[in-house]
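J.: The structure that follows is given in the form of structure tokens.
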Amino acid sequence: MISEKFVPLLFKKFFNESIKEKIENVTLYVATIGFLIHLAAVFLHMSGLISVHAEIQGFLSNPISALYTPFSFILFYEVYLLIYYLPRSFSVSIAKQYEIVSLILIRRIFKDISYLDFQNIELFSAQNLTLIYDITGFLILFFLIFLFRYLLVNRKSHTVTPNIEGFILYKKLLCIFLIPVFLFLSVYSFTNWLFELNQLNLGLITSIRDFNNIFYNEFFVALIIVDVLILIASFRYTDRYSLLIRNTGFVVTTVLIRISFSTEGLANVLLLISGVAFGVIILYIYSLYDKIDKGESTKESYAYL
């Protein structure tokens with residue numbers, strides 16, 4: 001079939017080691033330049049040479065806040081890696097999703113530090129609590145991601161079914177469609193934020209969306225759709241109950257992460273932790289279930305001897 005030749009060729013144009021290395025190098029340079037520009041803007045603002053609206057002063061009030069910019073570019077590269085690894089393994093792609101969420105959280109920590117009230121010695125002030133929530137949440141997420149990766153490394157591989165190539169081809173096709181979605185959402189989200197910023201300066205609005213949620217709010221909606229499509233397609237290529245439940249659990253964890261972008265403060269951190277913890281538990285139970293499946297298949301083979 002034409003699709004069996006065309007899809008892999010088109011996929012290879014966007015997802016290969018050479019392209020990945022080039023994007024990685026570009027990300028490094030752009031992140032460095034962005035950091036220096038942001039740092040210069042911070043010093044200009046602190047010197048009184050430029051002024052900005054009170055709504056975004058936190059981005060220019062402290063040199064530490066300049067770290068927000070390079071992390072933003074690194075996050076975009078991580079999104080590319082998420083799509084890159086999707087055809088290879090749904091589990092690895094989910095792991096990249098967790099890493100993206102943790103990086104979003106640690107990027108927000110730099111923003112929290114810029115808003116930190118050093119004049120207030122009260123530990124549990126509103127500004128300090130936000131930083132405490134995010135730091136604690138990141139440490140828990142980091143540990144949960146370690147557990148998820150550990151389970152992936154130690155999982156038992158199953159015999160590949162003859163028609164699995166069709167499933168891989170299907171996931172590659174989804175990745176090809178995700179590329180224009182990724183680019184469109186990137187441009188749309190950033191330009192829309194700039195438009196809101198202009199309206200804020202003109203006094204037409206009093207507040208703008210949190211920059212930390214821009215793009216990822218919409219992108220995780222697209223991820224949920226992709227995860228559901230993969231889940232539906234998996235019914236055709238396997239009848240293993242444990243695998244179907246695992247994939248369903250991964251959809252649930254993506255939904256929980258998406259919901260977290262609609263909340264703030266402690267609720268946001270708790271939803272992120274709940275989403276990743278749910279994925280870890282699902283993968284752990286799946287690995288236990290696999291041991292039973294392997295034992296049953298061995299007994300069945302002896303029954304025919």
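The values are calculated or read from the model by the stated rules, or taken from the named source; none is laboratory data. Keep in mind it's a predicted model, so treat the numbers as computed, not measured. Cβ: placed from backbone, ideal geometry, glycine included. Neighbour counts: every protein chain shown. When the accessible area is computed, the model is the full protein with side chains, heavy atoms only, and any ligands, DNA or RNA have been set aside. Shrake-Rupley method; radii C 1.70, N 1.55, O 1.52, S 1.80 Å.
J.: What is the calculated FRET efficiency for residue 233 to residue 64, with r their C-beta to C-beta distance and R₀ = 45 Å, to the nearest 0.05?
T.: Working: r = 45 Å, r/R0 = 1.00.
After rounding to 0.05, the efficiency reads 0.50.
J.: For the range 31-84, what mean projected area does the convex hull of the alpha carbons give, in nm²?
T.: Details: hull surface 16.4 nm².
Average of the hull's projected areas for the range 31-84 equals 4.1 nm².
J.: So which of 22/171; 20/171; 12/172; 13/171 end up more than 21 Å apart, counting from Cα to Cα?
T.: Details: 22/171 23 Å; 20/171 18 Å; 12/172 9 Å; 13/171 15 Å.
Beyond 21 Å between Cα atoms: 22/171.
J.: Compare the Cα positions of 136, 204, 169 along the charge dipole of the range 136-266 (+1 at Cβ of Lys, Arg; -1 at Cβ of Asp, Glu; about the Cα centre) and return the one farthest towards the positive end.
T.: Going by the Cα projections, it comes out as 169.
J.: Calculate what fraction, in whole %, of the accessible area of the range 137-273 sits on carbon and sulfur atoms when a 1.4 Å probe is rolled over the protein chains.
T.: Details: 5210 of 7350 Å².
Taking all protein chains in place, the range 137-273 shows 71 percent carbon and sulfur surface.
J.: Cα convex hull of the range 229-297: how many Å³ per residue?
T.: Details: hull volume 4.1 nm³, N = 69.
So the per-residue Cα hull volume is 60 Å³.
J.: Once you keep just the Cα pairs under 8 angstrom separated by 6 or more residues, what percentage relative contact order results for the range 181-240?
T.: Relative contact order here is 33 percent.
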